[in-house]
1. All but one of (1) of a type outside the set (Phe, Trp, Tyr); (2) closer than 20 Å to Thr183 by Cα; (3) at pLDDT below 95 hold for Ser2, so report the exception by its number.
2. Can you pull out every residue in the range 48-91 that is assigned to a helix (DSSP H, G or I), touching a strand residue (DSSP E or B) at 6+ places or on another chain (Cβ under 8 Å) and modelled with pLDDT of 85 or more?
3. State whether the residues of the range 193-208 include one that is without any contact (Cβ under 8 Å) to a residue 12 or more places away in the chain, open to solvent by 30 Å² or more (accessible area, probe 1.4 Å) and either within 13 Å of Val158 (Cβ to Cβ) or outside any loop (DSSP other than H, G, I, E, B) (or both).
4. Would a scan of the range 175-187 turn up a residue that is surrounded by fewer than 16 Cβ atoms within 10 Å (Cβ to Cβ), at pLDDT below 95 and under 23 Å from Pro71 (Cα atoms)?
5. From Phe181, Phe127, grab the single residue that is of a type in the set (Phe, Trp, Tyr), in contact with a strand residue (DSSP E or B) (Cβ under 9 Å, 6 or more places away or on another chain) and not in a loop (DSSP other than H, G, I, E, B).
6. Can you go through Leu216, Leu206 and tell me which one is farther than 30 Å from Ala91 by Cα and either of a type outside the set (A, V, I, L, M, F, W, C) or modelled with pLDDT of 95 or more (or both)?
7. Being aliphatic (A, V, I, L, M), farther than 18 Å from Ser18 by Cα and modelled with pLDDT of 95 or more is the requirement here; does Leu144 meet it?
8. (1) in contact with a Pro (Cβ under 6 Å, 6 or more places away or on another chain); (2) crowded, with 20+ Cβ neighbours inside 10 Å: which one isn't true of Pro149, the others all being true?
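The values are calculated or read from the model by the stated rules, or taken from the named source; none is laboratory data. From a predicted model like this one, the values you see are computed outputs, not experimental measurements. Heads up, the Cβs are rebuilt from the backbone with ideal geometry, glycines too, and the neighbour counts pull from every protein chain shown. Areas reflect the complete protein model, heavy atoms only, side chains present, ligands, DNA and RNA absent. Shrake-Rupley method; radii C 1.70, N 1.55, O 1.52, S 1.80 Å.
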Amino acid sequence: MSDFSFRFHGLRLVARPSGALWQPETRCLTVSDLHLGRSTRMARLRHQLLPPYETSETLRRLGAEIAALNPLRVVSLGDSFDDAAAMTELAPSDLEALQRLIAGCDWVWISGNHDPSPQNPPFGGRFAESHQDSPASPVLRHILAKPGPDISGHLHPVVPLGGRRWRAFLVSRNHLILPAFGTYTGGLEISHPAFDGWLRPGHALLCASRIMEVPLP
């Protein structure tokens, strides 16, 4: 796995090909938009029947990152669950896997638009509107906000290149947006108006077998 190290407002950060963000000095692992329970929610709402394996796969991939890095803290930047009900619908094996991951570190669930829960989940970790290590540090939140600096998710950025759509970190002067980590999460191309005015000038870090850096057009 070929990581990409860069600096953002005084922090040394490492973008991982998995879509996770690693901060070596504080041993903090940050991911965004897990959307656990997406297939069960879609079935419950009778929208679409999806193979019910995405939660297990997302937790497997997240577990691999935790095993590789041994973080002291894990921050999930919102939309960790596809809705509030999905927190109570986890399969027993997925619930057990999640509890094992949470037990080893300080776990922060940032509230998102899909999971705006004010109460801590019964299986561990704590909900927060945002997280900040110090007054001078970037704010970790679900949706980017002016003036920043902040580290966020929500938009599921992808970059079309070479006939493929690549999940990507987007980095500008004051904003760092993480790609969606969840297995069934879609992506929003960076040409979408939702990105206008936020990121240019900036660059994208594409999640391939190694991180590829490209300037934003």
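1. Here Ser2 clears every test but (2).
2. Those that are assigned to a helix (DSSP H, G or I), touching a strand residue (DSSP E or B) at 6+ places or on another chain (Cβ under 8 Å) and modelled with pLDDT of 85 or more: Thr55, Thr58, Leu59, Leu62, Glu65, Ile66, Leu69.
3. Yes, some residue in the range 193-208 is without any contact (Cβ under 8 Å) to a residue 12 or more places away in the chain, open to solvent by 30 Å² or more (accessible area, probe 1.4 Å) and either within 13 Å of Val158 (Cβ to Cβ) or outside any loop (DSSP other than H, G, I, E, B) (or both).
4. We begin by selecting, within the range 175-187, every residue surrounded by fewer than 16 Cβ atoms within 10 Å (Cβ to Cβ); these are 186.
Next, from what is left, pick out any that are at pLDDT below 95: 186.
Of the ones still in play, those that are also under 23 Å from Pro71 (Cα atoms) are none.
No, there is no match, as no residue in the range 175-187 is surrounded by fewer than 16 Cβ atoms within 10 Å (Cβ to Cβ), at pLDDT below 95 and under 23 Å from Pro71 (Cα atoms).
5. Matching residue, one of Phe181, Phe127: Phe127.
6. Leu206
7. Details: aliphatic (A, V, I, L, M): yes; farther than 18 Å from Ser18 by Cα: yes; modelled with pLDDT of 95 or more: yes.
It is true that Leu144 is aliphatic (A, V, I, L, M), farther than 18 Å from Ser18 by Cα and modelled with pLDDT of 95 or more.
8. For Pro149, the failing item is (2).
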